[in-house]
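Have a look at the structure below, then the notes.
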Amino acid sequence: MFPKPASGLRPNSFAYEQQPLVKPTGFREYDARWLYPGELNLMGVQALGLGIGTLVHELGVRPDIVTGHDFRSYSSAIKLALIAGMQAAGLRVKDIGLALSPMAYFGQFALDCPCVAMVTASHNDNGWTGVKMGANRPMTFGPEEMGRLKEIVLGGTYQYRSGGSYEFVEGFAETYLNDLKSRAKPISRKLKVVAACGNGTAGAFAPRLLEALGVEVIPLDVEPDYTFPRYNPNPEDMEMLHAIAAKVKETGADVGLGFDGDGDRCGVVDNEGEEIFADKIGVMLARDLGKLHPGSTFVVDVKSTGLYNTDPELQKLAIKTDYWKTGHSYIKRRVNELGALAGFEKSGHFFFNEPIGRGYDDGLLTAISVIEMLDRNPGTSMADLYRALPKTWGSPTMSPHCDDEVKYGIVEKVTERFRAMQAAGEPIAGAKITDLVTVNGVRVSTEDGTWGLVRASSNKPELVVVIESPASEARLRAMFEAVDSVLRENTEVGPYNQTI
């Protein structure tokens, strides 16, 4: 029997080569992330593969699974170890090679595989690895499935089965790109587009797709380099957005598009170099798509702007908005449950349902949607579309360090602190607390519509803080200082990765 994993082993030791290492905190709410090789070894990855196969059979799902890997120095080795475990558990594996996460999700449909296991650390820094998994297309695992997978793997209760097999699917990237091209409308407007990939996986695919759409592509950091020498491939980080903005201004591009490490997210910079946070892009897309599909429902995460509820244009189109938990698995599932036209996350995950997409998040399909929006507004620039939105002042996503073992407890303390303030009539940032939303962390709102969110990151040892005010920049900053002062009552909360 394959050994039960240890929670801690020292690399460069005999034990490290003889036992699986799987740190328990790597099992997140809706996917898995570990630092490699410190928190996970290759035997640990095999144990994970055995666990996935055991869970698939336990769920009664047909044991056909598609897998791929992102562009990191160790991802191919991680994937091969995962495949060994999945085969041993009786899964029939179809390997699409180097891939974007949405390419693997597409493989579930194109290759008739109910299940997916994509080896990726997404936008995490170099040194991280992980797996995005699902057994019910287009959804990925949520907390219930991840909790059961954790039990199986850490308990060593995996089940061997015969019937496992392996097939490499050659040329699958072309099948994926051709499918995206078939979904795109002909572009009649002449457009110049910056495509930024942060030297990650998207560099192999995004420029090719954009060129096939007929736009002029200005590549930025598309060369492969898994050390990510300039910035992390994360369109939520200001460093990447600043680089895109500089290139847009230098070249006179119509729009800048930034793709994250596994290509399921897209960030946008307008033609004037203004960095537009993804929740505002979602409002712009909702306006555009709402004209084609009036009365539609959109799902947005709790980090997103309040404009989805207050924008007069969306109200005219009878658009309905559902605020839901942050996380690609949560939003994907909610979009499917409600039959929503699309789901938007402030992080840049966009989920387009039929007739636009298949319900999963795809940064390249998002890029198509942005380009089509520009094409449908031929006399209007991206900056014009952005200026047409009601003005609000918003922060980027800010993430103070907080260890995985304590971050959820800190969020509970902060939530209770805000509840106590509201009950006592104590103001925050000089204003009365009017609402607390606790569907995912805590979102505290005041009379003038200014709000602040604190939640635990689902994939890194961090908290997540977002602030927005429809009143003024001064109110934005006042709310940030007030929220941060509550956070600083807890010594476990560390420095931010970025702030306003």
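The values are calculated or read from the model by the stated rules, or taken from the named source; none is laboratory data. Because the structure is predicted, anything quoted here is derived from the model rather than measured. Quick reminder, even Gly has a Cβ in these numbers, built from the backbone with ideal geometry, and neighbours come from all protein chains shown. Only protein heavy atoms, including side chains, enter the accessible area calculation; ligands, DNA and RNA are left aside. Shrake-Rupley method; radii C 1.70, N 1.55, O 1.52, S 1.80 Å.
Set against the 2.2 N^0.38 Å expectation for a compact globular protein, region 173-255 has a Cα radius of gyration ratio of 1.13.
Computed from the Cβ-Cβ distance with R0 of 45 Å, the FRET efficiency linking LYS249 to GLU412 stands at 0.50.
Fully extending the segment from ARG488 to GLU426, taken as 0.36 nm per residue of separation minus the present Cα-Cα distance, adds 20.5 nm.
The residues of the chain expose on average 36 square angstrom of accessible surface per residue, using a 1.4 Å probe on protein heavy atoms. Surface composition of the chain: carbon and sulfur make up 50 percent of the accessible area, probe 1.4 Å.
Rounded to the nearest 0.05, what FRET efficiency is calculated for ASN12 and GLU174 with R0 set to 60 Å and r the Cβ-Cβ distance? That pair, ASN12 with GLU174, gives E of 0.90. Of the options TYR36, MET118, LEU341, report the single residue whose Cα projects farthest towards the positive end of the charge dipole of the chain (beta-carbon charges: Lys, Arg +1; Asp, Glu -1). With unit charges placed on the Cβ atoms, the residue in question is LEU341.
For the peptides 224-234, 459-469, 489-499, the ranking by mean Cβ contacts within 10 Å, running from highest to lowest, is 459-469, 224-234, 489-499. Peptides 178-191, 242-255 ordered by packing proxy, namely the average of other Cβ atoms within 10 Å per residue, highest first: 242-255, 178-191. Between ALA204, VAL93, LEU80, the Cα set farthest toward the positive side of the dipole of the chain (charges on each charged residue's Cβ, about the Cα centre) is that of VAL93.
When you filter the GluC sites (Glu not before Pro) in region 262-325 for DSSP loop state and at most 14 other Cβ atoms inside 10 Å of their Cβ, you are left with GLU272. The magnitude of the dipole of the chain, with charges of +1 and -1 set on the Cβ of Lys/Arg and Asp/Glu and taken from the Cα centre, is near 740 debye. Ordering ALA429, ALA135, ASN309 by Cα displacement along the dipole of the chain toward the positive end leaves ALA135 in first place; charges were set at the Cβ atoms of Lys, Arg (+1) and Asp, Glu (-1).
Each of the peptides 256-263, 71-78 was scored by the mean count of other Cβ atoms within 10 Å over its residues; in descending order, highest first, they stand as 256-263, 71-78.
Around the Cα centre of region 1-56, unit charges on the Cβ atoms of Lys, Arg, Asp and Glu (plus for the first two, minus for the last two) sum to a dipole of about 100 debye.
Only bridges whose two residues both fall in the chain count here: according to DSSP, what percent of them are antiparallel, nearest 5? Given both bridge residues lie in the chain, the antiparallel proportion sits at roughly 55 percent.
Between ARG376 and LEU389, full extension at 0.36 nm per residue minus the direct alpha carbon distance yields a gain of 3.0 nm. Could you compute the net charge surrounding ASP221? Neighbours are other residues with a C-beta less than 15 Å from the C-beta of ASP221; K and R count +1, D and E count -1. Here the count lands on -4. Compared with the direct C-alpha span, the chain from THR434 to GLU272 gains 54.7 nm at full extension, assuming 0.36 nm per residue.
Overall, region 73-161 carries a charge dipole of about 180 debye about its Cα centre when +1 sits on the Cβ of Lys and Arg and -1 on the Cβ of Asp and Glu, all other atoms neutral. In this structure, the residue pairs whose Cα-Cα separation is over 20 Å, taken from LYS190/LYS247; LYS407/LYS460; LYS181/LYS320, are LYS181/LYS320. Per residue, the chain reaches -11000 deg cm²/dmol at 222 nm when only DSSP H runs of four or more residues are counted, each adding -39500 (n - 2.57). Among residues other than LEU292 with Cβ under 15 Å from its Cβ, the summed charge is +1 (Lys and Arg +1, Asp and Glu -1).
With K and R counted +1 and D and E -1, the other residues having a Cβ less than 14 Å from that of VAL464 yield a net charge of -2. Checking every one of the trypsin sites (Lys or Arg not before Pro) in region 438-500 against DSSP loop status and a limit of 12 other Cβ atoms within 10 Å picks out ARG488.
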